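A.B. asks: Below is one structure. I have some questions about it.
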Amino acid sequence: MNTPRAAVCLLAAVCLLAAAPATGLGPAAVLCEEEKPPADGDGFRGEDGVLYDSEESCKLMQMKSLSGNLLSNGSFEKGRWWPASWWPTDGLSTFWIDGGTDGKRCLRVFTGVDDTQWSENEKHVRAVIDAIVAGGRDPQKMAENPLPPAPEPKLARPPYYSSVGGIHGVHYRSEYIKCKPGAAYRFSVDCRTEGGGEPRVFIKGFYDHKLETAKGTEIVRRNAYRAPMILDPCNKEWRRYARTFHPTKSTSTLDKKLVTTEYLQVQLYSYWPVGDYFWDNVRLDIVAMGDERPAEPRQPVEAEPPDDTEKAPPKVDEDGFPVFGD
């Protein structure tokens, strides 16, 4: 498909420091869209033998990392019951399996199960793990698997609009990572699909917002920034995708004041068409340092809804691509 893909950047540091501004969340947040260049070609084979989505991605991967991989367990090798430093796998739509491009394990996401069943199971898994953590225990260190057994899957029927891939899509999230002021980041990931489609990545920025409530002051983590990627082309052969971005250049505002990104999180997003999506070798590196001062805010645009609305079934999602459920 001739659709937008990862942002194309040159090797020069000056181009890196001009990377994407943000879109994001917060009821009163005013957020600015980044530009996304068009996709081109069907892939590029690098001298290292790796198949990239484009020559630009191959060039970006030649840049020296100033930090090493900031994503803990980006190759999904570590962990006891699910990949360490990532959200729990639910056994219904997300699976920790053998295979991949880096090490012996990778992530499989299946989007063909009924959305209602997926939603209920997702809430159940999160509630169980959250309760264990709230009790001061590390679920990964428990002698027995703390993940609740997955129910027998209810597969959506053609035309599959009632599937999780047709309504919510599956976000698989990393842990939060401290954002370094002035840093230009490179993100890369290996991905393939069994049925084609355009998996996506949302690299999101967050800040801690103080909220006065009846119980006193509470800290709520809200979105301040988003650097999305569309992985196109993507089919049965593993490809490597890369882009750069600069959170300090974000022009997101809250009450007409610039919002500073304090944390980053990677969200691997699988949705349509329904089927299997495979992910591995997820990396987040600092590749340049620049001015720590934020950019001047641009003309405000209409605010986007809070982040948790991405779990509701809208007609069009937060980045403008269609969602097929009612």
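A.B. asks: Name the single residue, out of those in region 255-267 being in a strand (DSSP E or B) and out of contact with any Lys or Arg (no Cβ under 8 Å at 6 or more places or on another chain), that is surrounded by the most Cβ atoms within 10 Å (Cβ to Cβ). Can you show your working first?
C.D. replies: Step one: of region 255-267, the residues in a strand (DSSP E or B) are 257-258, 263-267.
Then keep just the ones that are out of contact with any Lys or Arg (no Cβ under 8 Å at 6 or more places or on another chain); that gives 257-258.
Details: Lys257: 10, Leu258: 15.
This residue is Leu258.
A.B. asks: Among (1) closer than 30 Å to Gly166 by Cβ; (2) at pLDDT below 95; (3) hydrophobic (A, V, I, L, M, F, W, C), where does Leu258 come up short?
C.D. replies: Every condition holds for Leu258 apart from (1).
A.B. asks: In this structure, is Arg200 touching a helix residue (DSSP H, G or I) at 6+ places or on another chain (Cβ under 9 Å), of a type in the set (D, E, K, R) and more than 18 Å from Leu92 (Cα to Cα)?
C.D. replies: On the way: touching a helix residue (DSSP H, G or I) at 6+ places or on another chain (Cβ under 9 Å): no; of a type in the set (D, E, K, R): yes; more than 18 Å from Leu92 (Cα to Cα): yes.
So Arg200 does not fit the description; no.
A.B. asks: Can I ask one more? Return the residues of region 219-235 that are of a type in the set (Val, Ile, Thr) and within 22 Å of Thr253 (Cα to Cα); say none if nothing qualifies.
C.D. replies: Listed by number, the residues that qualify are Ile219, Val220.
A.B. asks: Every residue in region 60-75 that is surrounded by 19 or more Cβ atoms within 10 Å (Cβ to Cβ) and out of contact with any Gly (no Cβ under 9 Å at 6 or more places or on another chain), please.
C.D. replies: Residues satisfying the conditions are Leu60, Leu70, Leu71, Gly74.
A.B. asks: Also, I was wondering about something else. Among the numbered criteria (1) without any contact (Cβ under 8 Å) to a residue 40 or more places away in the chain; (2) among the hydrophobic types (A, V, I, L, M, F, W, C); (3) in a strand (DSSP E or B), which single criterion is violated by Cys106?
C.D. replies: (1)
Here is a yes/no grid of residues against (1) out of contact with any strand residue (DSSP E or B) (no Cβ under 8 Å at 6 or more places or on another chain); (2) part of a loop (DSSP other than H, G, I, E, B); (3) buried (at least 24 other Cβ atoms within 10 Å of the Cβ):
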site	(1), (2), (3)
Tyr185	no, no, yes
Arg192	no, no, no
Gly197	no, yes, no
Tyr207	no, no, no
Ile219	no, no, no
Arg226	no, no, yes
Thr251	no, yes, no
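A.B. asks: Keeping to region 118-167, report how many residues are of a type in the set (Lys, Arg) and either more than 15 Å from Leu92 (Cβ to Cβ) or touching a strand residue (DSSP E or B) at 6+ places or on another chain (Cβ under 7 Å) (or both).
C.D. replies: 4
A.B. asks: From (1) of a type in the set (A, V, I, L, M, F, W, C); (2) closer than 20 Å to Phe187 by Cβ; (3) free of Cβ contacts under 8 Å to residues at least 60 places away in the same chain, pick out the condition that doesn't hold for Met61.
C.D. replies: The failed condition is (3).
A.B. asks: Among (1) over 30 Å from Asp98 (Cα atoms); (2) modelled with pLDDT under 90, where does Lys311 come up short?
C.D. replies: Result: Lys311 passes all but (1).
A.B. asks: For Ser57, indicate whether it is assigned to a loop (DSSP other than H, G, I, E, B) and either surrounded by fewer than 18 Cβ atoms within 10 Å (Cβ to Cβ) or small (Gly, Ala, Ser) (or both).
C.D. replies: No; evaluated as a whole, the condition is false for this residue.
A.B. asks: So how many residues does region 76-88 have that are touching a residue at least 60 places away in the same chain (Cβ under 8 Å) and either over 25 Å from Gly195 (Cα atoms) or buried (at least 21 other Cβ atoms within 10 Å of the Cβ) (or both)?
C.D. replies: Number of matching residues: 7.
The values are calculated or read from the model by the stated rules, or taken from the named source; none is laboratory data. It should be emphasised that the depicted structure is a prediction, and the values quoted were computed from it without experimental measurement. A quick note on method: Cβ atoms are made from the backbone with ideal geometry, for glycine too, and the neighbour counts reach across all protein chains shown.
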